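J.: Questions regarding the structure given below will be posed in turn.
The values are calculated or read from the model by the stated rules, or taken from the named source; none is laboratory data. Just so it is clear, the structure is predicted and the values come from calculations on it, not from any experiment. Counting neighbours? That spans all protein chains shown, and the Cβs are built from the backbone with ideal geometry, glycine included. Note: accessible area is taken over every heavy atom of the protein model, side chains too, but ligands, DNA and RNA are not part of it. Shrake-Rupley method; radii C 1.70, N 1.55, O 1.52, S 1.80 Å.
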Amino acid sequence: MLVVPAPSNAQSLLDRPPNLSADWTGAPGTLYFHFIHRFSTGSAPERKVSNVPTFLLAAGLPMRFLAGVNYSTNSALAPRFPNEWELFARWAPLSEDYGAPLDLAGQIGYNNAGEGVDGEVSVARRVGPARLIAVARALSDPFESGNVRYAFGGGGTVRLGTYVALAGDVASLTSRDSTERVAWSAGLHLAIPLSPHTFSLQVTNTLVSTLQGASRGIEGRRYGFEFTIPLTLRRYFGRREEQSAGDSASAAATADSAAAVAALNTDTTTVAVRPTPAPAPASNVPTSVPPTAPAPAPIPGDTTPAPSPHRDTSRVTVPRANTGATTPPTSPATPRRTTTPRPSAPASPPRSTPARRAASTVRTGIRNLNYLQSRQEIAVGTTVEWKNNDPLPHTVTAVDKSFNSGLIQPGKTYTHTFTKAGTYNFFCTPHPFMKGLIVVKAQ
């Protein structure tokens, strides 16, 4: 897995400090493996180096859920207690990526060393290049069964560019004993270019990254690193039913669009009449159309030939003066083909003109090899803007080739205005498992 990194949705360490996972819930159909390793040195004369790894294994679920486990080979909760486990589930009901004013998430889990249930609520918000996070935790007491302890913390990250961020956090129990310290951490976080992986160098006074371990500091410093490795199962299967449904919707939308175009191109003022043996007199011209009225603009798609005195037709357009006569109409300004007048007020331009389009822009993005809004419904004339928040390039390419962004470099945007109703499937050329659907509806 280290040698051949799989394209997937990794958690970006550039969005959170070492001891706060906050609202990260991953993406459906993706497995996550995080490797956290922290080292400490003993006192002289031995100066022995000790290390404690923590492994996270989790799965992204629909509706922004994440379920997983943290496993550490050691524990700071109980003396000589090895193999600390934390089984957890996390849900993020609000996300700035989906238009919410802030990020909100909750986590609940069971810690075997604490022998109880732990919980956390977190809020976060982006402010320019910074992302600020605050957490509140309720923890089971590993020393007194049934007792609950509380901890509060905060921190954040500051982006120095597309691939680099500085991070830090603090957290503390509301009441600490003589062996417990305020927990803190700092890190230099890096996104690995052209890959979904992130890496960080850390210094902290905590031992493990469970809620219990990240809430209490211990004597001394720990130096270490964290590396994120994802595995995208949906690259190989899944989402086929959704795509198939999208294809059916696309076919239906295409049929509706074709019917609408046919209706627009049909001259609804043409009616069937019975041929008469003699031409209608000129006085039969309707009074609703003045003889001196200017000729209307040609109707697009109208290929009806002018009637000939030697041709008997069973369908004519009403009104038309002197149908069988060999002389021109009495007024040269009277059109050869007159239709029922259509409103031509300047305030009601044709549907295809910009004045009738929805002058709006929908902003979305690409994060962690995933289109944030994989399905959207918009009105004709809407502009959609995609921003690439990943450290590797992506594309927004229509299946029918109606639009193609080309490679969108990290931090760059691509916009496209949808001027026709229909259903548009799109995907990422370098990562075909990334798929999306836009339904454009007529106004």
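J.: If one puts a single equal scatterer on every Cα of region 120-188 and applies the Debye formula without solvent, what log₁₀ I(q)/I(0) results at q = 0.16 Å⁻¹?
T.: The calculated log intensity ratios at q = 0.16 Å⁻¹ are -0.65.
J.: Here's another thing I want to ask about it. Pop the C-beta distance of Lys441 and Val203 into the FRET formula with R0 = 60 Å and round what comes out to the nearest 0.05.
T.: 0.65
J.: Here is a follow-up. Taking a probe of 1.4 Å, how large is the accessible area per residue of region 27-93, in Å²? If you can, show how the numbers build up before the last one.
T.: On the way: 3500 Å² over 67 residues.
So region 27-93 comes to 52 Å² accessible per residue, rounded to a whole number.
J.: Another question, if that's okay. What order do Thr415, Thr30 take when sorted by accessible area (1.4 Å probe), most exposed first?
T.: Thr415, Thr30
J.: How long are the three semi-axes of the equivalent ellipsoid for region 60-119, computed from the Cα gyration tensor as the root of 5 times each eigenvalue, in whole Å, largest first?
T.: Working: eigenvalues 178, 23, 16 Å².
After scaling each eigenvalue by five and taking roots: 30, 11, 9 Å.
J.: What is the distance, in nm, between label points placed 7 Å from the Cα along the Cα-to-Cβ direction at Asp141 and at Glu115?
T.: About 1.4 nm separates the two model spin labels.
J.: Using 0.36 nm times the number of residues separating Leu132 and Phe65, minus their current alpha carbon distance, what extension gain do you get?
T.: 22.0 nm
J.: Further question on the same structure: Give the lysines reachable from Lys420 as a straight Cα distance under 17 Å; neighbours fewer than 8 places away on the same chain don't count.
T.: Cα-Cα hits under 17 Å: Lys401, Lys441.
J.: OK, next. Using only Cα atoms, locate the centre of region 159-216 and the centre of region 118-143, then give the distance between them in Å, rounded to an integer.
T.: 12
J.: Order the following by accessible area, largest value first: Thr41, Thr423. Probe radius 1.4 Å; ligands, DNA and RNA are ignored.
T.: Thr41, Thr423
J.: Skip the ligands, DNA and RNA, and give the accessible area per residue of region 110-243 with a 1.4 Å probe, whole Å².
T.: Working: 6280 Å² over 134 residues.
In whole numbers, region 110-243 has 47 Å² accessible per residue.
J.: Is region 73-230 rounded, prolate or oblate when judged by the Cα gyration tensor, a ≥ b ≥ c being the square roots of its eigenvalues, rounded requiring a/c under 1.5 and prolate requiring a/b larger than b/c? All intermediate terms of the calculation are to be shown ahead of the outcome.
T.: Values: a/c = 1.83, a/b = 1.44, b/c = 1.27.
It comes out prolate by the Cα gyration axes.
J.: Within region 206-233, find all residues whose amide N lies under 14 Å from a label point positioned 7 Å from the Cα of Val182 along Cα-to-beta-carbon.
T.: It comes to 216-218, nothing else.
J.: Can you tell me how much longer the chain between Tyr223 and Lys48 gets when fully stretched, taken as 0.36 nm per residue apart minus their C-alpha distance, in nm with one decimal?
T.: That pair, Tyr223 and Lys48, stretches by 61.6 nm at full extension.
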